[in-house]
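The values are calculated or read from the model by the stated rules, or taken from the named source; none is laboratory data. Just so we're clear, the structure is a prediction, and the values are computed from it rather than from any experiment. All Cβ positions, glycine included, derive from the backbone under ideal geometry; neighbour counts span all protein chains shown.
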Amino acid sequence: MSTRELIQQFTPSGAELDWARSKAHGLRLQQAILVNLKCFQQLHYFPADSDIPKEVIAHLAGVLGLQDAGKPVQELSTATRYRQHAMVGQYLSKNTVLEIVKRHRAA
């Protein structure tokens, strides 16, 4: 993946950063939820941690200002992982509906 693709596909918007901050306490958990969000947006499924490119993890760590950008995403408990997956699903569903409404009103 090129640097340009990484930035275009995996840089969270301001709204996504605000959402992650509201859902996860601590930078490492915010990084984890953003990794889940951005991977799901690109792949349409949640990949195993071992399948996530280190460049994606490091990029999102850098976006959050984490000192050790190369450190892997925090190991999540199964319960935390499922909660994050559910939160990502709710976030994406809500935003999809809002986009449809906006397009409808603009037409």
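List of remarks:
- Filter pass, PHE46 being within 15 Å of ALA86 (Cα to Cα), part of a helix (DSSP H, G or I) and under 12 Å from the mean Cα position of the chain (by Cα): no
- Contacts under 9 angstrom Cβ, first residue in segment 1-19 being part of a loop (DSSP other than H, G, I, E, B), partner among the acidic types (Asp, Glu), 6 or more apart: MET1/GLU55
- Cβ-Cβ under 6 Å pairs, at least 6 apart or on other chains, segment 60-81 side modelled with pLDDT of 90 or more, far side of a type in the set (Val, Ile, Thr) and part of a helix (DSSP H, G or I): LEU60/VAL35
- Test: residue in segment 15-32 that is at pLDDT 95 or above, closer than 17 Å to ALA58 by Cα and either surrounded by fewer than 21 Cβ atoms within 10 Å (Cβ to Cβ) or in contact with a strand residue (DSSP E or B) (Cβ under 6 Å, 6 or more places away or on another chain) (or both): yes
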